1. Run Val138 past the list (1) modelled with pLDDT of 95 or more; (2) within 19 Å of Phe188 (Cα to Cα); (3) assigned to a strand (DSSP E or B) and report the number of the one that doesn't hold.
2. Taking the criterion of being touching a Gly at 6+ places or on another chain (Cβ under 9 Å) and at pLDDT 90 or above, would at least one residue in the range 21-44 satisfy it?
3. List every residue pair whose Cβ atoms lie under 6 Å apart, where the two residues are 6 or more positions apart in sequence or sit on different chains, the first residue falls within the range 263-278 and is farther than 12 Å from Ile52 by Cα, and the second residue, located anywhere, is of a type in the set (A, V, I, L, M).
4. Name the strands (runs of 3 or more DSSP E) wholly within the range 65-122 that hold at least 1 residues that are touching a Lys or Arg at 6+ places or on another chain (Cβ under 6 Å) and modelled with pLDDT of 95 or more?
Amino acid sequence: MNLSFDYKSFLLLAVILFGMGCNSVGNENTLPKEYDFSNPETFNMPASLTEISGIAFNKGINSTIYAIQDEEGKLFHLNWQNQKNWHTKFAGKGDYEDLTIVKDQVVVLKSNGSLYSFPFSETKLDETGKTREWKNLVPKGEYEGIYGDESSGKVYVLCKNCAGDIAEKKVSGYIFQTGTSIQKVGSFSLNVDEIKTVAGKVKKGFQPSALAKNPVTGDWFILSSWNKLLIVTDKNWKPKHSYALSSNNFNQPEGIAFDKTGNLYISNEGDNTKDGNVLKFKRLAK
C-alpha cells in the first residue's frame, strides 16, 4: 500500500510539474482570465472615423465615447452603438494620436508630443475657441499614447519611438500635472527585456500605441499595434503578463480605454475593406 501511495504521489507531482512547464512565462494559459478576447461586442465606426486613433470616456461613463482620428483636429462623440456622431473642432489638420479627459479638461496628443487642451464643457459646441497648445514638453520623437488620472489630475504620455531610447531596451514616458497649466512633474520607463519575459520575442522593440489604467486592479494596460500585443504591468510599470491580439479581431489596434466598472475597450483603425471599430470586452467576474 505504501509503495502504491508513493507511486501515485509521484505521478501527481509529475503532472503538476509538467503543467507548470507547459504554462511557462508568456504562455496565454498563464494569463488571468479578466477578459475574453475571442468574444467582443463590436461597434463599427462611421466613415468619418475609419482612421480612429484614440478613445476616452469622461469619468468612466460608457454611454458616450469620445474619439479622434489622425487627420483632423476634431473631437468626435458617439453614443454606444449609434453611428450618428457630433464633433467639436479644436485645431486644424494634423496627426492626432490619442486623447484623455481629466478634471473636466480634454487633452489631445499630437504625434510630435505637443498637447492640446480645452474645457470639456466646450464639447457641446461645434468649435471651441479655448484650445491651448503646449509645445516642447517632451523630447523629439513619435508619441501615440496618453492617459489622464481623474483622482490626481496627472497625465501620462508614452513615447513610441524617441531618439533618446533604444527601441530594443527602453521606452520612455513622462508625467504632467494638469490644472491652469500643464507642467512636467516626473518620468517613467518600460524595460523591454522585462516585457520579453512575459511576451517572448518583441519584434523591433516594443512600440506602444496607447495606455490606460484598469480602475479595478490599478494595473496599466499598454497596447502595441506594431506587435499586436497588450502588456499588463503593475502600478510601478513592472510587466506582469501579456495578451497576443489576433488579427481576426484586431485590424490595427490604436486606442484603449476602461469604463468605471473595468470593462475594456480597444479601437481599431479601418482600411479600404474594413470599418474602423471599437471592441468592448466585459470584465469577467472574479
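The values are calculated or read from the model by the stated rules, or taken from the named source; none is laboratory data. All values derive from a computational prediction rather than experimental measurement. Positions of Cβ are generated from backbone atoms using ideal geometry, with glycine treated the same way; all protein chains shown enter the neighbour counts.
1. (3)
2. Yes, there is a match, as at least one residue in the range 21-44 is touching a Gly at 6+ places or on another chain (Cβ under 9 Å) and at pLDDT 90 or above.
3. Short answer, once both residue conditions are applied: Tyr265/Ala257; Tyr265/Val278.
4. Details: elements: 74-79, 85-89, 96-102, 105-110, 115-119.
Strands (runs of 3 or more DSSP E) meeting the threshold: 74-79, 85-89, 96-102, 115-119.
Conditions (1) buried (at least 22 other Cβ atoms within 10 Å of the Cβ); (2) in contact (Cβ under 8 Å) with a residue 12 or more places away in the chain; (3) in contact with a strand residue (DSSP E or B) (Cβ under 8 Å, 6 or more places away or on another chain); (4) among the charged types (D, E, K, R), marked per residue:
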residue: Gly164; (1), (2), (3), (4): no, yes, yes, no
residue: Glu168; (1), (2), (3), (4): no, yes, no, yes
residue: Tyr174; (1), (2), (3), (4): no, yes, yes, no
residue: Gln177; (1), (2), (3), (4): no, yes, yes, no
residue: Thr180; (1), (2), (3), (4): no, no, no, no
residue: Ser189; (1), (2), (3), (4): no, yes, yes, no
residue: Lys201; (1), (2), (3), (4): no, no, no, yes
residue: Ala212; (1), (2), (3), (4): yes, yes, yes, no
residue: Thr217; (1), (2), (3), (4): no, yes, no, no
